[in-house]
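> First the structure, which I've put down as structure tokens, then a few questions once you've had a look.
The values are calculated or read from the model by the stated rules, or taken from the named source; none is laboratory data. All figures in this text were calculated on a predicted structure; none of them were measured in a lab. Note that each Cβ is placed from the backbone with ideal geometry, even for glycine, and that neighbours are counted across all protein chains shown. For the accessible areas, the whole protein counts, side chains as well, though only heavy atoms, and no ligand, DNA or RNA atoms are used. Shrake-Rupley method; radii C 1.70, N 1.55, O 1.52, S 1.80 Å.
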Amino acid sequence: MARILVIHGPNLNLLGRKEREIYGSDTLAEINRQLSEVARQHAVELEFFQSNHEGAIIDKIQEAMETARAGILINPGGFTHYSIAIRDALSAVALPTVEVHLSNVHAREEFRGRSVIAPVCIGQVGGFGKQSYVLGLLGLLKHLERDAATM
Ligand code: DQA
């Protein structure tokens, strides 16, 4: 069974309690529950990881190579806009990765419109609240299916 790593970056542990007008009222646990349901329907396994620390996220990405994860779904939070180190880690492990955002980062402050992570991802989904995660996961699964078919 394919195993996918789901990474939630800084401050996403506060979901449902902070800036609900931007990020909605769902908690991270609810988002993870919904993703687990989609994963069950597609017979894949998810591993969830949340951290407020750049180094911990990098360690987790590196670990994904050794633990044979098929791909990564990541909401890098604020690190999206400047963490070259997270980008380098994703680039190094070279696993298919999808970047997701709850909010439409292009409709907010100008600095949010730039992602240093997106160029090393197969795609980016944003603006659909928790559905961004579901759509991102479905996109990643389709990509993996296509890859498997051409092997
Ligand atoms: C976010 C967008 C980022 O700009 C912000 O720093 C976050 C959340 C989103 O999911 O919309 O932490 O990644």
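> So in the stretch 122-140, with the set limited to residues that are surrounded by fewer than 22 Cβ atoms within 10 Å (Cβ to Cβ) and within 19 Å of ARG3 (Cβ to Cβ), which one is nearest to the ligand (Cβ to nearest atom)?
Checked the stretch 122-140; the qualifying residue nearest to the ligand (Cβ to nearest atom) is VAL134.
> Could you list all residues from the stretch 104-119 that are open to solvent by 40 Å² or more (accessible area, probe 1.4 Å), more than 9 Å from the ligand (Cβ to nearest atom) and either in contact with a strand residue (DSSP E or B) (Cβ under 9 Å, 6 or more places away or on another chain) or assigned to a helix (DSSP H, G or I) (or both)?
Passing the criteria: HIS106, ALA107, GLU110, PRO119.
> Based on what the data block shows, is GLN34 more than 22 Å from LYS142 (Cα to Cα) and open to solvent by 20 Å² or more (accessible area, probe 1.4 Å)?
When the stated conditions are applied, GLN34 does not pass them.
> Another question about this same structure. Give the number of residues within the stretch 65-79 that are near the ligand (Cβ under 10 Å from one of its atoms) and surrounded by 16 or more Cβ atoms within 10 Å (Cβ to Cβ).
The number of residues fulfilling the criteria is 5.
> Working carefully through the options SER36, SER51, find the one that is among the polar types (S, T, N, Q) and within 16 Å of GLN131 (Cα to Cα).
SER36
> Can you pull out the residues in the stretch 51-64 that are of a type in the set (S, T, N, Q) and open to solvent by less than 30 Å² (accessible area, probe 1.4 Å)?
Residue satisfying the conditions is SER51 alone.
> Here is a further query. Determine which member of the set ALA94, ALA85 is of a type in the set (Gly, Ala, Ser) and at negative phi.
Going through ALA94, ALA85 in turn, the sole match is ALA85.
> To continue, here is another question. Can you find even one residue in the stretch 27-43 that is more than 12 Å from the ligand (Cβ to nearest atom), farther than 14 Å from HIS101 by Cα, touching a strand residue (DSSP E or B) at 6+ places or on another chain (Cβ under 8 Å) and touching a residue at least 40 places away in the same chain (Cβ under 8 Å)?
Scanning the stretch 27-43 turns up at least one residue that is more than 12 Å from the ligand (Cβ to nearest atom), farther than 14 Å from HIS101 by Cα, touching a strand residue (DSSP E or B) at 6+ places or on another chain (Cβ under 8 Å) and touching a residue at least 40 places away in the same chain (Cβ under 8 Å).
> Still on this structure: Determine if the stretch 90-98 includes at least one residue that is in contact with a Ser or Thr (Cβ under 6 Å, 6 or more places away or on another chain), closer than 14 Å to ILE7 by Cβ and either open to solvent by 20 Å² or more (accessible area, probe 1.4 Å) or within 10 Å of the ligand (Cβ to nearest atom) (or both).
no
> Test PHE48 against the stated conditions and say whether it is open to solvent by 40 Å² or more (accessible area, probe 1.4 Å), hydrophobic (A, V, I, L, M, F, W, C) and under 13 Å from ARG3 (Cα atoms).
Spelling it out, PHE48 is indeed open to solvent by 40 Å² or more (accessible area, probe 1.4 Å), hydrophobic (A, V, I, L, M, F, W, C) and under 13 Å from ARG3 (Cα atoms).
> Then there is this: Any idea which residue in the stretch 141-151 is modelled with the lowest pLDDT, counting only those that are of a type outside the set (A, V, I, L, M) and either within 11 Å of the ligand (Cβ to nearest atom) or in a helix (DSSP H, G or I) (or both)?
By that ranking, first place goes to ASP147.
> Next question, about the same structure. Among the residues of the stretch 80-89, write down those that are within 13 Å of the chain's Cα centre (by Cα), more than 8 Å from the ligand (Cβ to nearest atom) and not aliphatic (A, V, I, L, M).
ARG87
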